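Here's the structure, in structure tokens; my notes come after.
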Amino acid sequence: MGSSAETGMGSPIRKQKDFFGDQKKRVRKPLIPIGALLTAGILTVGLIRFRQRNSQLVQKLMGARVVVQVATVALMSVLLITVGKIYSGILTSPGI
């Protein structure tokens with residue numbers, strides 16, 4: 001009996017790893033999680049200030065939350081479009 005390398009049993013895992021790319025790239029591009037945390041943090045502080053009846057600060061915080069949230073969603077959209085174009089080229093190439 002041969003090893004898994006000889007029988008080719010390891011190749012689907014290798015193809016899957018190639019398809020999804022290097023997992024370390026997630027650590028190098030933390031902008032989306034940072035945006036989500038900023039949005040949640042601003043919302044939390046705004047809700048706390050709302051209970052304390054500080055309406056001027058609440059208005060500023062909610063405006064800042066909207067800006068951060070829009071930037072995060074825009075970044076996610078650009079990332080999805082970019083990654084989609086990259087992977088659609090890979091999936092439609094004649095080698096697969």
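Here, each number is a calculation from the coordinates, and none is a lab measurement. Keep in mind the model is a prediction, meaning the values are calculated, not measured.
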Expected unfolding gain across Met62-Ile81 under the 0.36 nm per residue rule, minus the alpha-carbon gap, is 4.0 nm
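As an exercise, take the mean of 1/r over every pair of distinct alpha carbons in the range 29-96, invert it, and state the Kirkwood radius in angstroms.
Taking every pair of different Cα atoms in the range 29-96, averaging 1/r and inverting gives 14.0 Å.
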Length gained, Leu31-Val70, 0.36 nm per residue minus C-alpha separation, equals 12.7 nm
